Structures are given as structure tokens and as C-alpha cells.
């Protein structure tokens with residue numbers, strides 16, 4: 001018999017709302033035409049539920065009272081990249097940002113994760129070199145990664161940014 005989950009509908013809804021707001025910020029930041037993309041509500045709900053199940057698992061099986069910001073960023077990145085909640089309605093790519101349509105979900109996942117690191121950390125904002133960003137985007141799209149692997153990547157990004 002499965003014991004009661006450590007999260008509830010309110011946490012799921014709050015996280016989904018935060019991701020939807022982050023989507024609007026993301027589109028504005030990258031100056032994307034909202035008519036070219038759609039955030040799928042069913043998929044974003046699935047992302048959030050799977051994320052919270054991972055958080056629940058970490059709390060239960062690893063006796064973690066709180067998970068750190070790197071794990072939060074890693075697991076959010078993992079589920080956003082895996083389930084791809086942003087649908088490309090029509091390609092709006094131009095020569096200057098042709099990769100945005102191709103990597104829209106992966107870029108959104110990194111945007112959310114870095115926002116999470118900035119929101120919970122005092123001091124310098126994390127800086128991601130373009131070569132690392134390109135490698136990370138490619139690996140999120142085409143290679144198997146885990147939330148734990150991504151949490152280590154975000155830890156290293158944060159450590160490198162301090163110097």
C-alpha cells in the first residue's frame with residue numbers, strides 16, 4: 001500500500017503557475033513571438049507532478065528534510081526537457097536565432113533552473129559560457145541525463161560563477 005504523498009494539489013498548482021509565469025518571462029526575454037509556440041497545460045501538469053514525485057522520493061528514501069536549489073533546478077530541467085511542454089506551432093526561426101525553435105524546451109528548462117538558482121542565492125548571478133550552454137542544450141535534447149547529473153552541473157555553474 002502506498003503511503004500518503006508529501007505534496008498536495010496546492011503545491012502542484014503553485015509550481016505549475018510559477019512555470020507558466022516563467023514561460024511568459026522566457027518568451028519576453030528571448031523576444032519570441034507567442035503566436036509561434038504554445039505551453040501545453042496537460043504536459044506542464046505532468047512535468048510538475050513528476051517533479052514533485054521525485055522530490056517526495058528524495059525526502060522519503062534519502063531522509064532529506066529539504067532538497068537544495070541545485071537538485072530543484074536539476075529535476076525541473078530534467079522533466080521539462082523530457083516531456084517538452086512547449087509546442088512549436090510554426091517555426092519562427094530567423095538567421096539570428098535559428099536554434100531557438102529546435103531547442104525551445106531545453107532552453108526554457110535552463111531558463112527556469114537558472115532563475116531558481118538566482119531566486120534562492122545571494123550574490124553574483126550564475127553565468128553560463130556559450131560553449132557550455134550549447135553542450136547542455138544538445139545533451140538535454142539528444143542524450144540520456146538524470147536530475148542528479150543536472151544538479152551537479154548547476155552546482156558547478158554556480159561555483160564557477162563565484163570566481
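The values are calculated or read from the model by the stated rules, or taken from the named source; none is laboratory data. None of these values were measured; they are calculated from a predicted model. Don't worry about glycine lacking a Cβ; one is built from the backbone with ideal geometry, like all the others, and counts go over all protein chains shown.
Selection over the range 58-75 of residues that are assigned to a helix (DSSP H, G or I), free of Cβ contacts under 8 Å to residues at least 24 places away in the same chain and loosely packed, with under 13 Cβ neighbours inside 10 Å gives a count of 1. With the requirement that a residue be at pLDDT below 95, farther than 21 Å from residue 67 by Cβ and part of a loop (DSSP other than H, G, I, E, B), what does the range 117-148 give you? Within the range 117-148, 124, 125, 127, 128, 129 qualify. With respect to residue 53, is the statement that it is closer than 13 Å to residue 79 by Cβ and either exposed (fewer than 13 other Cβ atoms within 10 Å of the Cβ) or more than 14 Å from the chain's Cα centre (by Cα) (or both) true? Yes; evaluated as a whole, the condition is true for this residue.
Taking the residues in the range 17-32 that are in contact (Cβ under 8 Å) with a residue 60 or more places away in the chain and assigned to a loop (DSSP other than H, G, I, E, B) as candidates, determine which candidate is farthest from residue 114 (Cα to Cα). Checked the range 17-32; the qualifying residue farthest from residue 114 (Cα to Cα) is 32. Tell me, please, whether a residue that is modelled with pLDDT of 95 or more, in a helix (DSSP H, G or I) and in contact with a strand residue (DSSP E or B) (Cβ under 9 Å, 6 or more places away or on another chain) can be found in the range 83-100. No. The residue pairs whose first member lies in the range 33-57 and is closer than 14 Å to residue 108 by Cβ, whose second member is outside any helix (DSSP H, G or I) and modelled with pLDDT under 90, and whose beta carbons are closer than 7 Å, counting only pairs six or more residues apart or on different chains, are 36/88; 36/89; 36/90; 36/92; 37/88; 37/89; 38/89.
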